[in-house]
Amino acid sequence: MRITTHLLGFPRIGAKRELKTLLEKHWQGEIDEAGLLQGAKELRQKHWLLQKGAGVALSPVGDFSLYDHVLDAQLLVGAAPPRFGFDPAALTTAQYFQLARGAQDQPPLEMNKWFDTNYHYLVPEWQADTAFRAQPDRLLSQLREAQALGVAAKPMLLGPLTLLWLGKVKGEPFDKLSLLPGLIAAYCQLLSSLRVAGAAWVQIDEPILALDLEPAWLAALRPAYEQLSQDAPKLLLASYFGSVGEHAPLLKTLPVAGLHLDLARAPEQIDAFIDAYPADKVLSAGVIDGRNIWRADLSARLDPLARLAERLGERLWLGPSCSLLHCPFDAAAETSLDAELKNWLAFSVQKLNELKTLKRGLEQGRAAIANELAGSDFARAQRRGSPRIHHPAVARRLAALPADGYRRASPYPVRAARQQAWLKLPPLPVTTIGSFPQTPAIRASRAAFKQGELSADDYRQAMKKEIELAIRRQEALGLDVLVHGEAERNDMVEYFGEQLAGFAFTAGGWVQSYGSRCVKPPLLFGDVSRPGPMTVDWARYAQSLTPKPVKGMLTGPITLLQWSFVRDDLPRSEVCRQIALALNDEVRDLEAAGIRVIQIDEPALREGLPLKRAERDGYLAWAGEAFRLSCQGVDDATQIHTHMCYSTFGDILPAIADLDADVLTVETARSDMALLADLGRFPYRNAIGPGVYDIHSPRVPSADEIRARLQQALRVIPAERLWINPDCGLKTRGWPEAEAALSAMVKVGRELREKLAQSA
Ligand code: GLN
Ligand code: ZN
């Protein structure tokens, strides 16, 4: 028996973030277009050869992208938005980057999070008259590159239904599905040219199948695939990020040659497929988790796979659950992690080996992979028993907590009065979200400190200077609630992870976030606790400089969880409670140190929302509980803020309200103040600071536009509960523009205050 192994996609950024370097050099004019394209080609080749060397039977082609695979999918069907005025048949590389990054007067395509990942894709723009035409050249030339290397290539396409679904309607409202016939026609052309070019298989990704799809979209599936399969290579229809078991009867009878299932996220769905699985179809078992970094439990995987192999024979394929885009490159490159921890990890390269091992085990029997199984069992047992992971004290503290008694002592109106009694804030208080510019000087100090060229003391002095500068500037600007500016924080997750027990950091565990931007999520491997205060000294120092209130600044439990690779041996809800408890220690210490305004940032609350509606309430319940636990026990007079940004919050407003923060500052300007409409419908009762300007560009907002946004806000938020602030932190800005923007904000605030006083 021969088992086929394949990948749905590979981390295109490269082992050393080569793609990032190429892109940024190109954008800065250091390498020309030919240099960029050549570099990209070499990277693709390296990745294909690596896969081939690791025994992958079918390698994906078309998963590589210079910026984003959803943008590429739009261009394959000639669908660049007409507002750019580009000829889809002759799109240049410069135009490609304009779509992604914008130009002088042309905003780029919007970005949105790719399902429940932290990857951002570029949102297609659909109009009622959007026309499609296949532009297969780029994909065909990549297919030829792979073929020339002797790689067995499997071109992959983002499925037409998913592409359509991900797009946003522009102009007059219309039913997106009305575009499907034209889109399918273009896909048919793509598929037929891939067949002619010698592709035996094409993988078509339809991740929307794992959502709660509207009936009209489900109904469109069969007719679409009946057309697509007419003149096509064999089609492997891939789903991931959840179960598609409820659609098994439909999927099993589609005219495709195979189905890929995510059996890491939803192993139970196999039951819905395996009985009477059609004899003409391949079943690709996505058993290696493409979304996390832990070694697979090979022993546990092998038996169920062997049973599948018995029934399916060579029609069983093996792969990761989804594209490895979401997984770092190579754990072997980690030199700073200790051997024990390293031995628990599997990044992309290690996952290729796991696939190869499982394949061998199925083909030649358990004995043939005895060593590998022993290695996997050993790592597993070590993790299960490791005192680095399990701290009984953490479990005991959690067990002693009440189920959810973490409500503030008094309701919001009582708290607000007690807070105002000492804060004595003017109406429409003005504040910021936390960070001030991370200047080159700050970064240089930190780099020097990390290299050991600057002593801890000198580093602390340098940061204190920055804090003082930030306080003085805020005083001069006339802000009401100040912040210390977060100079000492490299990153809002890393900063806390480095000080909490249970987190570890990689040197090169980068994952693409969008374009050339990568993130390096911490590894949350063990029980979380706080050995000592993390922010108290900085906050206390900042407060000592000014009579104005200084807001303490923490990253919340849900965000710390969501932006890490999380251990897989505990439920996420439980890990989140551990983090919340550790943060609660910090909140109590801040309060005791006289910091009585404390912000707990939760920008990632929304992205943790499960894709399936049925699971959402459960998530929101434990997430909310964790947030409240993190500020449990504070005095009524202590003001708790939270902050969220860059997601749509309209549909989770009840859950946000249930966090019961005294003040919510939230990004609204960047998204056209859309949240205000939702706030008009939902009775949010605590204070809100809707962002009054977008912080993403150096452009300084005019007083007029800030005023217009505030007036808009005043229509749905009563003045006594309205705060004034930017959309988000200012760490990516420079001081001159930050000061100019904040000064406009303060000016408008004063003006509106006077008006309010007059009308009262
Ligand atoms: N306090 C953080 C800052 O201002 C919040 C960042 C965020 O929301 N992503 O930078
Ligand atoms: Zn933010």
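Computed from the coordinates by the stated procedures, all read-outs in this text should not be read as laboratory data. As the structure is a computational prediction, the values presented were derived from the model and not from experiment. Cβ sites come from the backbone with ideal geometry, for glycine too, and all protein chains shown count toward neighbours.
If you add up the charges near Gly198, with Lys and Arg at +1 and Asp and Glu at -1, over every other residue whose beta carbon is less than 12 angstrom from its beta carbon, what do you get? Kindly include the intermediate steps, with their values, before the conclusion.
Details: positive: Arg144, Lys154, Arg195; negative: none.
Every neighbour counted, the sum reads +3.
Computed from the C-beta positions of Gln127 and Arg460, the FRET efficiency with R₀ = 45 Å rounds to 0.20. For the range 501-576, the equivalent ellipsoid derived from the alpha-carbon gyration tensor has semi-axes of 29, 18, 12 Å in decreasing order.
From the helices alone, meaning DSSP H stretches of at least four residues, give me the mean residue ellipticity at 222 nm for the chain, per-run term -39500 (n - 2.57), in deg cm²/dmol to the nearest 500. Provide the component values of the computation, followed by the final result.
Working: 27 runs with 324 residues, N = 760.
Taking each H run of at least 4 residues, the total per residue is -13000 deg cm²/dmol.
Note: relative contact order over the chain, using C-alpha pairs below 8 Å and six or more positions apart, is 11 percent.
Net charge around Leu43, counting only other residues with Cβ within less than 13 Å of its Cβ (Lys, Arg = +1; Asp, Glu = -1)? Could the numbers behind the result be given before it?
Working: positive: Arg12, Lys16, Arg17, Lys20, Lys41, Arg44, Lys46; negative: Glu18, Glu42, Asp63, Glu145.
Charge balance near Leu43 sits at +3.
The mean sequence separation of alpha-carbon pairs under 8 Å and at least six residues apart, normalised by the residue count of the range 197-352, gives a relative contact order of 19 percent. Summarising the amide proton neighbourhood of His484: residues at separation of 5 or more, or on other chains, whose placed amide H is nearer than 5 Å comprise Lys551.
Rounded to the nearest whole Hz, the Karplus-based 3J(HN,Hα) values (6.51 cos²θ - 1.76 cosθ + 1.60, θ = phi - 60°) of the range 477-485 follow the sequence 6, x, 6, 9, 10, 8, 10, 8, x, with x at glycine and proline.
Extending 7 Å from the Cα toward the beta-carbon at both Ala200 and Ala507 defines two label points whose distance is 4.1 nm. In the chain, the longest principal axis of the Cα atoms and the axis of helix 613-630 are about 40 degrees apart.
Look at the dipole of the range 342-485 built from charges on Cβ: of Trp344, Pro429, Leu479, the Cα furthest out on the positive end belongs to Trp344. Residue by residue, the range 382-399 carries 3J(HN,Hα) couplings of 5, 5, 4, x, 5, x, 6, 9, 9, 10, x, 4, 5, 4, 5, 4, 5, 5 Hz when phi is fed to the Karplus relation 6.51 cos²θ - 1.76 cosθ + 1.60 (θ = phi - 60°); x denotes Gly or Pro. Each residue of the range 1-111 gets 121 Å³ once the volume of the Cα convex hull is shared out per residue. The lysines within cross-link reach of Lys548, meaning a Cα-to-Cα straight distance under 21 Å and a gap of 8 or more places when in the same chain, are Lys424, Lys464, Lys465, Lys747. Inter-label distance, Arg101 to Gln382: 4.3 nm, where each label sits 7 Å from its Cα along the C-beta direction. Quick check on the range 278-382: take the gyration tensor over C-alpha atoms, sort the square-rooted eigenvalues as a ≥ b ≥ c, and tell me if it's rounded (a/c under 1.5), prolate or oblate. Because a/c hits 1.5 or more and a/b fails to exceed b/c, the range 278-382 counts as oblate. Packing order of peptides 237-248, 576-587, 698-709, highest average first: 576-587, 237-248, 698-709 (average count of other Cβ atoms within 10 Å over each peptide's residues). Using the Cβ-Cβ distance between Met1 and Arg517 with R0 set to 56 Å, the FRET efficiency works out to roughly 0.80.
For Leu401 and Asp275, the difference between the fully extended length at 0.36 nm per residue and the C-alpha to C-alpha distance is 40.8 nm.
Diagonalising the gyration tensor over the Cα atoms of the range 360-487 and scaling each eigenvalue by 5 before taking the square root yields semi-axes of 49, 30, 15 Å, largest first.
Answer rounded, prolate or oblate for the range 669-760, using the Cα gyration tensor with square roots of eigenvalues a ≥ b ≥ c: rounded when a/c is under 1.5, else prolate when a/b is larger than b/c, else oblate. Don't jump to the answer; show the numbers that get you there.
Numbers: a/c = 2.23, a/b = 1.35, b/c = 1.65.
Oblate, because a/c is 1.5 or more while a/b does not exceed b/c.
For the chain, the equivalent ellipsoid built from the Cα gyration tensor has semi-axes of 45, 31, 25 Å, listed from largest to smallest. A Förster radius of 45 Å combined with the Cβ-Cβ distance from Thr439 to Asp678 puts the calculated FRET efficiency at roughly 0.75.
Give me the distance between the Cα centres of the range 1-26 and the range 597-633, rounded to whole Å. First find each Cα centre; the distance between them is then 33 Å. Within a Cβ distance under 12 Å of Ala614, other residues only, what is the Lys/Arg minus Asp/Glu net charge? Overall, the nearby charge balance is -1. Rounded to the nearest 10 degrees, the angle from helix 348-364 to the longest Cα principal axis of the chain is 40 degrees. Under 18 Å from a label point set 7 Å out along the Cα-to-Cβ vector of Ala614, the amide N atoms of the range 247-270 belong to 247-251, 262-270. Each Lys and Arg adds +1 at its Cβ and each Asp and Glu adds -1 at its Cβ; summed about the Cα centre, the range 408-515 shows a dipole of about 460 debye. Modelled label positions at Glu24 and Ala94, each set 7 Å beyond Cα in the direction of Cβ, lie 2.4 nm from each other. Taken over the alpha carbons of the range 167-214 as equal point scatterers, the Debye sum produces base-10 log I(q)/I(0) values at 0.18 Å⁻¹ of -0.80.
With a/c under 1.5 counting as rounded, go ahead and sort the range 268-338 into rounded, prolate or oblate using the C-alpha gyration tensor (a ≥ b ≥ c being the square roots of the eigenvalues; past the cut-off, prolate if a/b is larger than b/c, else oblate). Note, shape of the range 268-338 comes out prolate.
Rounded to the nearest 10 degrees, the inclination of helix 215-228 to the longest alpha-carbon principal axis of the chain is 40 degrees.
Charges only on Cβ, +1 for Lys and Arg, -1 for Asp and Glu: so what's the dipole of the chain about the Cα centre, in debye to the nearest 20?
On the way: 88 positive and 90 negative charges, 119 e Å.
Here the size comes out at about 580 debye.
With 0.36 nm allotted per residue and the present C-alpha distance subtracted, the Glu110-Arg307 stretch has 66.4 nm of extension available. Here the 3J(HN,Hα) profile of the range 103-110, calculated from phi with Karplus coefficients 6.51, -1.76 and 1.60 at θ = phi - 60°, is 9, 2, 10, 10, x, x, 4, 5 Hz, Gly and Pro shown as x.
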